[in-house]
Amino acid sequence: MIHSRKFSQAICSTALVLSAGVFGPFAGAQVGLGATELAIEHVAGNVYMVQRPGGGGNIGAFVGPDGVLLVDSLFAPMTENLRKAVGEVTDSEIRFLINTHIHPDHVGGNENLAAMGVVIFAHDNTRLKFLEQSSHFPRNGGSFAPQPPAAGRPVVTFNDAISFHFNGEEVRAFPAPPAHTDGDVFVHFPASDVLHLGDVFRTTSYPVIDKFNGGSLRGTIAALDMAIDMAGPGTRVIPGHGLAVVGRAEMVAFRDMILDIRDQVYVMIRQGMHLDAIMAAQPTAAHDAQWGQEASWTAADFVPLVYYELGGAGRLEDRR
Ligand SMILES: [Zn+2]
């Protein structure tokens, strides 16, 4: 039953992606995306967040007299409105872009920005994914997107911390443990006291662990621990998805929810339970109201990832 459900969903979402070039229902239809007004809001210090209606692919914008650095680029049809939104708070040129990971709602604007002379930075592993013939993504039981344009590939890649020095501040970008993907990058603005965590941290659903692109539960927990350790009481955190800028306490709550589910599933595996029995026991019951409401990523998607990574019998690949 699960096989057929997943299979038909995969077909549907493949059609969606091929026709719309987008990633899951939260990306919206590409038709009309260009007309989407993007909102810019002040986060702290010199950092702003640009957001499309409904949230998702949240962009960080570090602005000042020397230029603008963006974190992620949303979808291609939104670039003009992205530029307009940034233009509301600065006259400076957009000079740099950091991609937090490979997903289309974070790299879709790359080609347009590159054509404007913006220099694109990403983790080594993220650039490797730009070179693949097609991209495979986890939502809706698995979906595909065409290879991103060559002109949008990152020009500078890294596998250790790098720093940008302009606008009188240091901006640090560095690899997170492989969490959402194996190319995850965190961006820290120490002087402005802001963290942009890409999709490792979201406020809208259970963590999306993209096994097709090297994500892991263990890395998700380690990456969140890293971010929590870096955050102080006043740190503002831009989630990859979610309408609100939040703080350290929200990251702790997200991590603790993951640990609670992990621990429950682990005990059930040790008791000899297989995945279907564990799903029926609903180890996420206490969290579903808050974290399980995104139709394309619910407990039915998250729990199997936890189960298999903890060594439960069977293989995730066979379930899809
Ligand atoms: Zn993502």
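The values are calculated or read from the model by the stated rules, or taken from the named source; none is laboratory data. Keep in mind that this is a model prediction, so the values were computed, not measured. Virtual Cβ from ideal backbone geometry, glycine too; neighbours counted across all protein chains shown. Side chains are part of the model used for accessible areas, which takes the heavy atoms of the whole protein and leaves out ligands, DNA and RNA. Shrake-Rupley method; radii C 1.70, N 1.55, O 1.52, S 1.80 Å.
For Ala295 and Asp263, compute 0.36 nm times the residue count separating them, minus their Cα-Cα distance, and round to one decimal in nm.
9.1 nm
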What is the spread of the Cα atoms of the chain along each of their three principal axes, largest first, in whole Å?
61, 44, 32
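Of the peptides 186-195, 159-168, how do they stack up when ordered by the mean number of other Cβ atoms within 10 Å, highest first? Before the final figure, lay out the partial values.
Details: 186-195: 21.7, 159-168: 13.6.
Top of the packing list down: 186-195, 159-168.
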At 7 Å along the Cα-to-beta-carbon direction for both Arg172 and Ala151, put a label point, then send me their distance in nm to one decimal.
3.6
Nearest-10 value in Å² for the accessible area of Ile238, using the 1.4 Å probe
0
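Quick one: ranking Leu217, Leu243 by accessible area, 1.4 Å probe, largest first, what do you get?
On the way: Leu217 5, Leu243 105 Å².
The residues order as Leu243, Leu217, largest area first.
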State, in angstrom, two size descriptors of segment 145-200 derived from its alpha carbons: Rg to one decimal place and Dmax to the nearest whole number.
13.2, 40
To the nearest Å², the heavy-atom accessible area per residue of segment 240-320 with 1.4 Å probe amounts to 47
Label-point separation, Gln271 to Asn159 (7 Å along Cα→Cβ), nm:
4.3
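Which whole number in µm²/s is D for segment 198-305 by Stokes-Einstein, with the Kirkwood Rh taken over Cα pairs at 20 °C and 1.002 mPa s? Show your work: numbers first, answer last.
Working: Rh = 14.5 Å.
Diffusion coefficient, whole number: 148 µm²/s.
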Angle, helix 217-230 long axis vs. longest principal axis of the chain, Cα atoms, 0 to 90°, nearest 10?
40
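Please list Thr203, Thr100 from largest to smallest accessible area, probe radius 1.4 Å, with all protein chains kept in place.
Thr203, Thr100
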Give me the angle, in degrees from 0 to 90, between the Cα long axis of helix 248-270 and the longest principal axis of the Cα atoms of the chain, rounded to the nearest 10.
20
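Let me have the 222 nm mean residue ellipticity of the chain computed from DSSP H runs of 4+ only, each contributing -39500 (n - 2.57), with the sum over all residues rounded to the nearest 500.
On the way: 11 runs with 108 residues, N = 320.
Rounded to the nearest 500, the figure is -10000 deg cm²/dmol.
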Output the relative contact order of the chain, whole-number percent, from Cα pairs under 8 angstrom with separation of 6+ residues.
15
Taking amide H atoms as placed 1.01 Å from N in the peptide plane, list the residues 5 or more away in sequence, or in a different chain, whose amide H sits under 5 Å from that of Val185.
Ala176
Given unit charges at Cβ for Lys, Arg (+) and Asp, Glu (-), the dipole magnitude of the chain about its Cα centre in debye, nearest 20, is 720
Compare Arg153, Arg172 by solvent-accessible area with a 1.4 Å probe and give them largest first, with all protein chains kept in place.
Arg172, Arg153
Does anyone have the angle between helix 2-20 and the longest principal axis of the chain? Alpha-carbon axes, 0 to 90°, nearest 10?
20
Whole-number percent relative contact order across segment 166-320, with pairs defined as alpha carbons under 8 Å at least 6 apart:
21
